[in-house]
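What follows is a short report on a single structure.
The values are calculated or read from the model by the stated rules, or taken from the named source; none is laboratory data. All values reported here derive from a predicted model rather than from experimental measurement. Cβ placement follows ideal geometry from the backbone for every residue including glycine, while neighbour counts extend to all protein chains displayed. The area values use the complete protein model at the heavy-atom level, side chains included, leaving out ligands, DNA and RNA. Shrake-Rupley method; radii C 1.70, N 1.55, O 1.52, S 1.80 Å.
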Amino acid sequence: MRIIGRNTLMKMPLMTQDELKLAVAKAAIEYITPKLDKESVIGVGTGSTANLFIQELGNIKHLFDGAVASSDETARRLNDLGISVYELNDVNEILVYVDGADEFDPRLNLIKGGGAALTREKIVAAVAKEFVCIVDDTKQVDILGEFPLPVEVIPMARSHVARELCKLNAQPVYRQGVVTDNGNVIIDVHNLDISDAKGIEAKINNIVGVVTNGLFAQRNADLLLMGSADGVAKITAK
Ligand code: 5RP
């Protein structure tokens, strides 16, 4: 992990977590603005940090063409601001994808899916030329896994997938009452050993019935903007 810059203009020692989220949302707008033109389509994530980014995006909507949303909720918020929302199949390129995370490690591997939008988030991130992750400093860890890993599962495979996850010496917990935008269910995996993030990502995705899991290691973040009492740090993996 390498800190390549810090905006100390935003330094405010007594900032709340929500204020830190707003600071990184604004920093993301500042970062993407010079890259935009009238043809640009951007990818937009899901969650409370992404919602603040969406709010700020409304101020620069004249600078780009439109957006691809990582969830129905994000699409609704973009629409409400008058930002054109495209189906992924209808765009050739996503210039940049901006989204939050539940945890990140020094390699900028992420856990995502706290908001159950992991599959569409992973698809948009895979297509995007650049993935900018926006977080506050509570999301920083040395090794991923304190936050339970969300896994999206085809409903009929729920018990089978849970049994397979137990074989990894972890504790799967069914997220009651949650149905994803894709009509599936979520299993949160507690106490999973994620010392090999890419390996475990592939292993869990290989269980029959798993749609995808919330590890973003094969496609990690290119740049992370982290808000803390010291300002907004710009972080790359190396
Ligand atoms: C949603 C996500 C979010 O990015 C993640 O849960 C972080 O959310 P927040 O910005 O509210 O802390 O992966 O599926």
Which numbered condition trips up V178, out of (1) surrounded by 13 or more Cβ atoms within 10 Å (Cβ to Cβ); (2) farther than 30 Å from L57 by Cα; (3) more than 16 Å from the chain's Cα centre (by Cα)? (2)
Could you tell me which residue of segment 128-150 is nearest to the ligand (Cβ to nearest atom), considering only residues that are touching a Gly at 6+ places or on another chain (Cβ under 7 Å) and over 21 Å from G227 (Cα atoms)? P150
Over 18 Å from K234 (Cα atoms), surrounded by fewer than 23 Cβ atoms within 10 Å (Cβ to Cβ) and touching a residue at least 24 places away in the same chain (Cβ under 8 Å): which single residue out of N51, N89, N7 fits that description? N51
Mind telling me which of the residues I94, I83 ends up being touching a Lys or Arg at 6+ places or on another chain (Cβ under 6 Å), touching a residue at least 24 places away in the same chain (Cβ under 8 Å) and crowded, with 17+ Cβ neighbours inside 10 Å? I83
Residue satisfying condition, being at negative phi, at pLDDT 95 or above and surrounded by fewer than 17 Cβ atoms within 10 Å (Cβ to Cβ), within set V189, V208: V208
In this structure, does A202 turn out to be within 22 Å of G43 (Cβ to Cβ) and part of a helix (DSSP H, G or I)? no
Of the conditions (1) open to solvent by 60 Å² or more (accessible area, probe 1.4 Å); (2) within 10 Å of the ligand (Cβ to nearest atom); (3) not in a loop (DSSP other than H, G, I, E, B), G115 clears all except one; give me its number. (3)
Checking the structure you have, find out if any residue of segment 54-64 is open to solvent by 20 Å² or more (accessible area, probe 1.4 Å), assigned to a strand (DSSP E or B) and more than 16 Å from the ligand (Cβ to nearest atom). no
Residues being assigned to a loop (DSSP other than H, G, I, E, B) and either more than 10 Å from the ligand (Cβ to nearest atom) or buried (at least 24 other Cβ atoms within 10 Å of the Cβ) (or both) - total across segment 97-112: 8
Per the list (1) among the aliphatic types (A, V, I, L, M); (2) open to solvent by less than 30 Å² (accessible area, probe 1.4 Å); (3) under 15 Å from R219 (Cα atoms), residue check on A126 breaks on (2)
Scan of segment 20-30 for residues that are closer than 10 Å to V232 by Cβ and open to solvent by 50 Å² or more (accessible area, probe 1.4 Å), ordered by number: K26, E30
The condition from (1) more than 12 Å from the ligand (Cβ to nearest atom); (2) not in a helix (DSSP H, G or I) that I123 misses is numbered (2)
